[in-house]
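Novice: To start, I am sharing the structure in question, which I have written as structure tokens.
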């Protein structure tokens, strides 16, 4: 059944929208510009990127496999994992660290090897805010490296995690000053726009709006986007309802213990509903675990 879409441009927080903007060979100039704006101070200009296969297998049969949203490499052999996370997930930081081990392992060389590694960047574009970051309402960009706790001196410079907590970016178009802020504005507001704003007339953004225009999709592309959009909206609605139910049950208890228990119970209930929805849509269990944070045993039952 075809949805009636009133928006002119895609939602970049859907799987299809994200992959269309950043994951297609024909549009990799968009990803290149975004990465350069994000990482230029960190490592200089990236001249070129090549997409790598997103499915990674462990080194032994018992190792788990993982599937990245995007995985690419620059001309210096440095690796970039780019992930979109639509909803809060248990152990997300653990998962990001686990992901980084695959590009580390694949650099191993047989025979004599001095263990020199190329830099690895794991970039997460988050449609939520970590609980521990809520007391920093104006800080939306986090660069994380291995460092000494007392001196803050960087111990190892080749493993970098970048988190963008998008709900914290609240600048209006007139307040934007940098090219990177324009990128963040587009990602947050693209679906709501009906034309290219005068402040976003650079060639790269004209390309982006052209790629993102729904009217230019063929029938197959439109169906894929509609499925992706429906899933995103169902998921977002489920988690929004979960949070509201948790708050309501907590208020009824009247104590902090009750609020916490209510939030967890509401969250668990809604996660189960999301899992049932995803199973009905044919998603595999590992993907459901990734989205809901539920254990595989519970989903299997």
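Every number in this text was worked out from the coordinates using simple rules, so none of it is lab data. The model shown is predicted, which means the values in this text are computed figures rather than measured ones. All Cβ positions, even for glycine, are placed from backbone atoms using ideal geometry, and neighbour counts span all protein chains on display.
Novice: Given the Cα-Cα distance of residue 143 and residue 178 and 0.36 nm per residue of separation, how much length would full extension add, in nm?
Specialist: That pair, residue 143 and residue 178, stretches by 10.8 nm at full extension.
Novice: So what is the relative contact order of segment 15-215, in percent, for Cα pairs below 8 Å that sit 6 or more residues apart?
Specialist: This gives 17 percent for segment 15-215.
Novice: Moving on to the next point. Which order do 300, 228 fall in if you start with the one that has the fewest other Cβ atoms within 10 Å?
Specialist: Listing 300, 228 from fewest to most nearby Cβ atoms yields 300, 228.
Novice: What is the extension gain from residue 43 to residue 215, computed as 0.36 nm multiplied by their sequence separation minus the C-alpha to C-alpha distance, in nm to one decimal?
Specialist: 58.1 nm
Novice: Cα gyration tensor of segment 29-153, axes a ≥ b ≥ c as square roots of the eigenvalues: rounded (a/c below 1.5), prolate (a/b > b/c) or oblate?
Specialist: Rounded.
Novice: Also, I was wondering about something else. Between residue 51 and residue 8, what is the label-point separation in nm under the 7 Å Cα-to-beta-carbon projection?
Specialist: 2.7
Novice: Multiplying the sequence separation of residue 132 and residue 192 by 0.36 nm and subtracting their Cα-Cα distance, what value in nm do you get?
Specialist: Result for the pair: 18.7 nm of gain on full extension.
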